[in-house]
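Novice: Provided herewith is a single structure, encoded as structure tokens, for subsequent inquiry.
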Amino acid sequence: MVSEYLGDFGKTVFGGHLKVPKALDRTLIGLKYAGTFVLVFLICATPVEATHAFVSTPFYAVADMKLFDVYTTFGVAITVGLGLVVVMSLFVKSAWCRYLCPYGALQGMFGLLSPVTIAKDDDGCTGCARCNKACPNGVDVAHASGAVTSGECMGCTSCVTACPKPGTLELRVPRTRIDPTAFGLAFIAVFTLAVVVAAVTGHLGAGLPPEAYRQMLHIAADVRLPL
């Protein structure tokens, strides 16, 4: 969302966004998916017992505490990296989401397998391309046929809202229309339920007792981040 706001600001100040050459655009998107695939593969390949053992160690507790410092005490590397992302976001629409965000890539991977799609009535389309302008990820919705099948589509339904002809773009499972608001609320409810169940059953958190965390807090204060 911050990337989108930066993009809107850059568009207002500089009069538009840079057009990334198609070959470079596809290469950067491909690298995002490749990196995310490797990350997911490594996570899935790690035995559950080994993961649980690791997150139960004092080292993990200290690392978890120091992660907060990344957002409060910027070093040179983080400052430079963040600055580059800001500059990219000003000149390239949704640069972070399109080229760097692993969560966006993960959404795209699962989105291609999801039965929930944005269906398009080609006969009702007027070709106004308002959907393309509304899409935060630069998906070419206007030229999609039958359904939006791009891996860059996150199902945010911005295109559905922007379409001037009701029914031309709809969020659907096979042959059934879904209300975007109801779908969003249902997703939040399922996610919240999963977190509550994990907390109640003791599967949320590292599993270290509070006293151990208090001891690690003193150790963490003496650890300095290299970034």
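Novice: Over 23 Å between C-alpha atoms is what I'm after, so list which of Lys19/Lys133; Lys120/Lys165; Lys32/Lys120; Lys11/Lys120; Lys22/Lys133; Lys19/Lys120 land there. If you can, show how the numbers build up before the last one.
Specialist: Details: Lys19/Lys133 14 Å; Lys120/Lys165 11 Å; Lys32/Lys120 27 Å; Lys11/Lys120 29 Å; Lys22/Lys133 18 Å; Lys19/Lys120 26 Å.
Cα-Cα > 23 Å for Lys32/Lys120; Lys11/Lys120; Lys19/Lys120; rest within.
Novice: No solvent, one uniform scatterer per C-alpha: report log10 I(q)/I(0) for segment 110-203 via the Debye equation at q = 0.11, 0.15, 0.22, 0.25 1/Å, two decimals.
Specialist: -0.36, -0.60, -1.08, -1.33
Novice: Give the peptides 12-21, 58-67, 45-54, 79-88 in descending order of average Cβ contacts within 10 Å, highest first.
Specialist: On the way: 12-21: 11.3, 58-67: 15.3, 45-54: 9.6, 79-88: 13.5.
For the peptides 12-21, 58-67, 45-54, 79-88, the packing ranking is 58-67, 79-88, 12-21, 45-54.
Novice: Restricting to Cα atoms and excluding each atom paired with itself, what does the Kirkwood estimate give for the chain in Å?
Specialist: Roughly 20.9 Å, rounded to one decimal.
Novice: If you don't mind, another one. Go through Met109, Thr57, Thr46 and say which Cα lies farthest out towards the positive end of the charge dipole of segment 1-109; charges sit on Cβ, +1 for Lys and Arg, -1 for Asp and Glu.
Specialist: Met109
Novice: Tell me the carbon and sulfur percent of the accessible area for the chain, rounded to whole percent, probe radius 1.4 Å.
Specialist: Within the chain, the accessible surface is 70 percent carbon and sulfur.
Novice: Relative to the Cα centre, what is the charge dipole magnitude of the chain, using +1 at the beta carbon of each Lys and Arg, -1 at the beta carbon of each Asp and Glu, and rounding to the nearest 20 debye?
Specialist: Working: 17 positive and 15 negative charges, 114 e Å.
Charge dipole of the chain: 540 debye, to the nearest 20.
The values are calculated or read from the model by the stated rules, or taken from the named source; none is laboratory data. What you see is a predicted model; the values in this text were computed from it and never measured. As a convention, Cβ positions derive from the backbone with ideal geometry for all residues, glycine included, and neighbour counts pool all protein chains shown. Surface accessibility is based on the protein's heavy atoms, side chains included, excluding ligands, DNA and RNA. Shrake-Rupley method; radii C 1.70, N 1.55, O 1.52, S 1.80 Å.
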